[in-house]
Amino acid sequence: MKNFEFNYSKYFKCISSRCEHNCCLNWDISIDNKTYKRYLEYAKSDNRFVENKTFSKKGFLMDCSLRCPFLDEDNLCHIIKNYGEKNLSTTCKTHPRFKNFFSGITETGLGLCCEEASRIILSLKPKMKTILVSDKGADRPLSPFEKKVFSFRNKALKIIQDRKVSTEEKLSKLNALSKIDLDKKSYKSWIEDFYLLERLDKKVDVVFDKLKKREFFSPIPSEFSREFEQLLAYLTYRHLSRAIDGLDLRVRLAFIVLAFKIILEIFNLGNKDFSSLVESCRIFSAEIECSDQNVFTILNKIESLVNFIN
């Protein structure tokens, strides 16, 4: 088994209490069975661990402010401070990471739902790529479809990482590769689709209310070409890798283009600087990528468009 990480991963370190969108707030945090049993033992001598009050088999029980009960007054984790990071639940230890699985290969990346991960990914200067971090041998060959995924992904990345062309031209080439014309559906229809998705943070309704007042997708600014490259590369690595067939590969590539456009629309509501780009990526990732249902809903909308065109 070969394990790969991305060339931005080494720069990541949780900023803890300095984070404006703490991942221990407003989230459902599950607890695996092994950790649950360990916490039962801690409960015998630590009054922060109270079964069915601060934790249960299903997960941590948030307080009335939707704060994790193990956050202290400085937004620091009681478990890490007193027991070490190794004793966190699997969910807490792995967030904000995602994994891509292939035969004999695992890729581990960081999700844009974390503001610090978003800053690091968008700030990356070299082209995004995977780096081998461990090789346990006993390789399994890729299946024919997995080879197709890698080939298709490499074609998309070659387009995205060509620094001689504009972002607008890259999107045009990606559309051609997907063979899906997203413009067959109007801006307002796409925004309505996103507006009706499951909302994880009700405050985001304000963002989509503003987007609904527009008529067309905004022009792409030229001053963030490298950041846009990294965003498109991130979306490609994260979403193409999960395709289940040839049509799904095309639909997911169209999803990547559409996701980029939606993030750009959110970005244009702010100060149009690097910080607002980071926040726009975080909002999209937290609201869309962190909900499998939301991702599948948009994928189905795109696939229905393909069927309609055909």
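The values are calculated or read from the model by the stated rules, or taken from the named source; none is laboratory data. Since this is a predicted model, take the numbers as computed values, not measurements. So basically every Cβ, Gly included, is an ideal-geometry build from the backbone, and we count neighbours across all protein chains shown. SASA here: full protein model, heavy atoms, side chains in, ligands and nucleic acids out. Shrake-Rupley method; radii C 1.70, N 1.55, O 1.52, S 1.80 Å.
Brief remarks follow.
- Gained length - residue 134 relative to residue 202, 0.36 nm times residue gap less alpha-carbon distance: 20.3 nm
- The range 204-257: chymotrypsin sites (Phe, Trp or Tyr not before Pro) in DSSP loop, at most 10 other beta carbons within 10 Å: 216
- Cα centroid separation, the range 234-310 to the range 201-219 (Å): 15
- Amide H within-cut-off set for residue 59, under 5 Å, with H built and near neighbours excluded: 31
- The alpha-carbon of residue 93 sits under 19 angstrom from the alpha-carbons of these lysines, leaving out residues fewer than 8 places away in its chain: 10, 13, 34, 37, 57, 58, 81.
- Accessible area per residue for the chain is 52 Å², calculated with a 1.4 Å probe on protein heavy atoms, without ligands, DNA or RNA.
- The range 50-207, relative contact order [Cα under 8 Å, separation at least 6], %: 9
- Loop trypsin sites (Lys or Arg not before Pro), the range 78-120 (other Cβ atoms within 10 Å of the site Cβ: 14 or fewer; DSSP): none
- Inter-label distance for residue 172 and residue 90, nm, one decimal - labels placed 7 Å from Cα along Cα-to-Cβ: 4.7
- Dipole axis of the chain (+1 Lys, Arg; -1 Asp, Glu on Cβ), positive-most option in 165, 246, 95: 246
- Theoretical ellipticity at 222 nm over the chain - DSSP helices of four or more residues, -39500 (n - 2.57) apiece, nearest 500: -14000 deg cm²/dmol
- Which listed pairs, of 99/184; 184/213; 125/185, have C-alpha distances above 27 Å, in listed order: 99/184; 125/185
- Principal-axis analysis of the Cα atoms of the chain puts helix 246-267 at an angle of about 80° to the longest axis.
- Potential extension, residue 247-residue 304 segment - 0.36 nm per residue separation minus Cα distance: 19.4 nm
- Placing unit charges on the Cβ atoms only, positive for Lys and Arg and negative for Asp and Glu, gives the chain a dipole magnitude near 860 debye about its Cα centre.
- Assigned charges on the beta-carbon of Lys, Arg, Asp, Glu; the range 143-221 dipole about Cα centre (debye): 300
- For the range 66-164, the dipole from Cβ point charges (+1 on Lys and Arg, -1 on Asp and Glu) about the Cα centre works out to 740 debye, to the nearest 20.
- Calculated FRET value between residue 164 and residue 213, using beta carbons and R₀ = 30 Å, to 0.05: 0.25
- Within the accessible surface of the range 72-112, defined with a 1.4 Å probe on protein heavy atoms only, the carbon and sulfur portion equals 50 percent.
- Across the range 71-83, rounded Karplus estimates of 3J(HN,Hα) from the backbone phi angles (6.51 cos²θ - 1.76 cosθ + 1.60, θ = phi - 60°) give 7, 8, 5, 9, 6, 9, 7, 4, 5, 4, 4, 9, 10 Hz, Gly and Pro being marked x.
- Carbon and sulfur %, accessible surface of the range 213-255 computed with the full protein complex present, 1.4 Å: 53
- Relative contact order (percent, whole number), the range 199-310, Cα cutoff 8 Å, 6+ residue spacing: 28
- Mean separation of Cα pairs under 8 Å and 6 or more residues apart, divided by the residue count, gives the chain a relative contact order of 21 percent.
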